[in-house]
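Below is one structure; the comments refer to it alone.
Just so it is clear, none of the values below were taken in a lab; they were calculated from the coordinates. None of the values given here were measured: they were computed from a predicted structure. FYI the Cβ positions are ideal-geometry reconstructions off the backbone, even for glycines, and counts take in every protein chain you see.
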Amino acid sequence: MTKHDDTTTTSSTSAGVGFFGLVGMVVSSCIGSGVFKLTGQLGAVASPGAAIVAWLITGLGFLFLALSLANLGTKRPESDGVIAYADDGFGPFHGFISGWGYWLSAWLGNVAFGTMVAQTLGSDYCFGQILPGFFTVDGNPTFGGILVVSVVLWLITLLVIHGVESASFLNAVVMVVKVASIALFIMFSLFAFNAGIFTTDFWGNLSSSAGIIADAGGDALGSVTNQIEQCFLIMMWTFIGIEGASVMSKRAAKKSEVGSATVLGLVILLVIYIGASILPYGVMPYKDFIDIAYDPNSTPAMILVFEYLAPGWGGAFISWSIIISVIGSWLSFTMLPAETTSVMAEHHLLPAKWDERNSHNAPQFSLIIVGALTEIFIIVATLSSDAYNFAFSMCTVTIVITWAYAAAYQCKYSAEHHEGAQLVAGIIALAFQVIAMCLGGNWQFLLTACLGYIPGFFFYAAARKEVGGGLSKAEIVSCIIIAIIGVSAIPLNMAGIISVF
């Protein structure tokens, strides 16, 4: 039996992750908690018209990012994916900044997933009526919620420790389950869709709508431009994972398939997200829609919408679909940071210990650190005014650093090889990432994220020392500047100048 198991493991490792496994990684990594919250989050900040425009802009931005990743995956198949592009194009320090940002993003995303699991378990359509107040209070996890989430966290960590490839296959299976459940929600929404309701206040200008929002405890939507700006961070959060196939590129059966898998994954995601978030604007009266958006218990909006469409079973159906979907995405987000630190260690951006492998070829040391930090921040996030929003916002701004570096490398590579069309794609992808972070107050979270780099600088310095080098003067100055920016976020937040917690 032992000999057979060893043979199977070797075969799996040598075969690597296939094309549909890579597509599954992209889609399953992205479809986690965000899609189930979309309706409520967008409804609180935008009218249907503004939300559609925001989706078009965001979709275009990510299309060019996906095309950039596809091009780099094809032209540079020997590279270790999106986290290595900054190192390849701009040097080791930039490689560290990009890779550490991706690593921070991945496990901060796990904090959001844990919060979503607790919110779903505590809803009236799961265990909320049986155990009221056990899982969450005002949308934030209680001690009971933290306990349950912690069990899930460490079970997932143990699964990945026992074999990344097998976990990748399981992740692809989970993808099928959750896409099917979301497709059912979209079908019900299509049948119930009423164009008259949908277009009643298409741009959010009616005073009656402002009154309804005020009664629910919200603020007026404002101008269409303001509405669009408020959508970006929410929508960008749902695309985290688009680079998943690229991150896992060194385990792909064919590196040349990484790019096409990423683009196909993006197309699937856009269809799902637009259908799931825009159609609900036209299935119920605006007052009911806003009441869902401002639900005091932070119940995922898709649960409440589907219960409205399918009374008696819709809420429970989506609740369990959320749990399956989030755990599947959580699985991916446990695999990805471990792969990130392994690649960084291979590039001498982190100490070699971060790439130590166990008998299952899994980076056990890295996985345990990710699990421990996720545990700590799940507890810390409960002290914020909105644990889920804090976690997903921090997760999004940190990964934008990695995306921006990948787009910048696309620009550099295309310019050096005189590829005009690819250069344009890179410029658009980079411009979108930078501009989106400057709008809607998103820069405040980016400022705070600099705090997360401070401990990383010590690991980076140790890694450079392992290969007989050290930090250059420019690198030391850069570390100091980033640290000062990060530390300044603490008094700014305490003084109310910025608001991220």
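Quick one: dipole size for the chain, taken about the Cα centre, charges +1 on Lys/Arg Cβ and -1 on Asp/Glu Cβ, in debye to the nearest 20. Approximately 680 debye in magnitude. Which helices of the chain meet both criteria: a Cα extent of 24 Å or more along the helical axis and a mean Kyte-Doolittle score no lower than 1.6, with helices taken as whole DSSP H segments? Passing helices, by number: 143-161, 164-192, 258-278, 364-381, 420-438, 473-494. Across the options Ser123, Phe333, Thr299, the greatest Cα extent toward the positive end of the charge dipole of the chain (unit charges at beta carbon of Lys, Arg, Asp, Glu) belongs to Phe333.
Remark: Ile156, Ile31, Ile485, Ile146 ranked as Ile485, Ile146, Ile156, Ile31, counting other beta-carbon atoms within 10 Å and listing the fewest first. By the count of neighbouring beta-carbon atoms within 10 Å, fewest first, Met25, Met187 end up ordered Met187, Met25.
Note down the relative contact order for the range 17-437 as a percent, whole number, built from C-alpha pairs under 8 angstrom at least six residues apart. Please report the intermediate quantities before stating the final value.
Details: 733 pairs, mean separation 161.0, N = 421.
Relative CO of the range 17-437 lands at 38 percent.
Mean residue ellipticity, 222 nm, helices only, the chain: the sum of -39500 (n - 2.57) across DSSP H runs of n ≥ 4, divided by residue count and rounded to 500, is -24500 deg cm²/dmol. Residues Leu233, Leu158, Leu304, Leu492, arranged from fewest to most other Cβ atoms within 10 angstrom of their Cβ, appear as Leu158, Leu492, Leu233, Leu304.
Convex hull volume of the C-alpha atoms in the range 88-228, normalised per residue: 234 Å³.
Quick check: from the Cα gyration tensor, does the range 440-501 come out rounded (a/c under 1.5), prolate or oblate? Prolate is the answer for the range 440-501, as a/c is 1.5 or above and a/b outweighs b/c.
Work through the residues other than Phe289 whose Cβ is under 12 Å from its Cβ and net out their charges, Lys, Arg +1 and Asp, Glu -1. Value of the local net charge: -3.
With 23 Å as the limit on Cα-Cα distance, the pairs of Lys75/Lys254; Lys178/Lys287; Lys254/Lys353 that go past it are Lys178/Lys287; Lys254/Lys353. Value of Rg to Rh for the chain, rounded to two decimals, is 0.96; Kirkwood radius and Rg both from alpha-carbon coordinates.
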